[in-house]
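First the structure, in the form of structure tokens, and then the observations on it.
The values are calculated or read from the model by the stated rules, or taken from the named source; none is laboratory data. Since we're looking at a predicted model, the values are computed, not measured. With ideal geometry, Cβ positions are generated from the backbone for all residues, glycine too; neighbour counts draw on all protein chains shown.
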Amino acid sequence: MFNRLRLRTKLAFLLVLAAVAVILSIGFSASLLHDRLTADRVDKLRAIVQSQIAIARGLETQVTAKKITREQAIDQLRQSIHLLRFDAGDGYVVVSAADGRGIINGASPAREGQIAPPLDNAGHTVSALEAEALRGGDEGVIRYSYPKPGQTVAQSKIAYVARFAPWDGVFLSGAYVDDIDAIYAAA
């Protein structure tokens, strides 16, 4: 059948086929770039959380040795986390109890001791998302929308969460992904 077509038609068909291949290649490459940038962001968040958990482990060793109380250990970590900021001040660490009550909040110390409000109209909370992510293990990744510090409009965010069993707590560090989404949309 292809042999019966005129040369002009064959060339036009090949040109269209090449254009489709280029478009598919660009789309696939953009998708790979988005996935790689997201994975790199999660790796950074993992390093931040794991470093804070390492400090908590060291403090828990002192609790076990009866050198300090658990409350003193948490207070020492609290002082450190309140100072920790990254991503131009938008990034911080939060530690919450299994029931969702804030133990340490690097962005808003006033929220410590409180249950986090729902994130959306469906009533999802960060603690519910954490519980789902940690259902199969001691670490996971969650996605949600939340306003940047000092702002009111919610933006897309990804967070790495890890359980710290000695304190029956969950460490979380999140990062906004509006920059990654913008790169993907521009591709």
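Yes/no per residue for (1) at positive phi; (2) small (Gly, Ala, Ser); (3) modelled with pLDDT of 85 or more:
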| residue | (1), (2), (3) |
| --- | --- |
| Leu5 | no, no, no |
| Arg8 | no, no, no |
| Leu17 | no, no, no |
| Ser25 | no, yes, no |
| Leu33 | no, no, no |
| Asp43 | no, no, yes |
| Arg46 | no, no, yes |
| Ala56 | no, yes, yes |
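Could you check how many residues of the range 126-147 are surrounded by fewer than 17 Cβ atoms within 10 Å (Cβ to Cβ) and assigned to a loop (DSSP other than H, G, I, E, B)?
Number satisfying all stated conditions: 4.
Looking at the range 148-168, which of the residues that are among the basic types (Lys, Arg) and modelled with pLDDT under 95 is surrounded by the most Cβ atoms within 10 Å (Cβ to Cβ)?
So the residue we want is Lys157.
What is the one condition in (1) free of Cβ contacts under 8 Å to residues at least 40 places away in the same chain; (2) aliphatic (A, V, I, L, M); (3) touching a strand residue (DSSP E or B) at 6+ places or on another chain (Cβ under 8 Å) that Leu172 does not satisfy?
Every condition holds for Leu172 apart from (1).
To keep it simple, each residue is scored yes or no on (1) closer than 23 Å to Leu129 by Cβ; (2) free of Cβ contacts under 8 Å to residues at least 12 places away in the same chain; (3) surrounded by 12 or more Cβ atoms within 10 Å (Cβ to Cβ); (4) of a type in the set (Val, Ile, Thr).
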position: Arg4; (1), (2), (3), (4): no, yes, no, no
position: Ser51; (1), (2), (3), (4): yes, yes, yes, no
position: Gly58; (1), (2), (3), (4): no, yes, yes, no
position: Gly91; (1), (2), (3), (4): yes, no, yes, no
position: Gly106; (1), (2), (3), (4): yes, no, yes, no
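I'd like to verify a number: residues in the range 51-99 that are farther than 18 Å from Gly113 by Cβ and among the polar types (S, T, N, Q), how many?
The number of residues fulfilling the criteria is 6.
Collect the residues in the range 62-89 that are free of Cβ contacts under 8 Å to residues at least 40 places away in the same chain and either basic (Lys, Arg) or assigned to a loop (DSSP other than H, G, I, E, B) (or both), keeping them in residue-number order.
Listed by number, the residues that qualify are Ala65, Lys66, Lys67, Ile68, Thr69, Arg78, Leu84, Arg85, Ala88.
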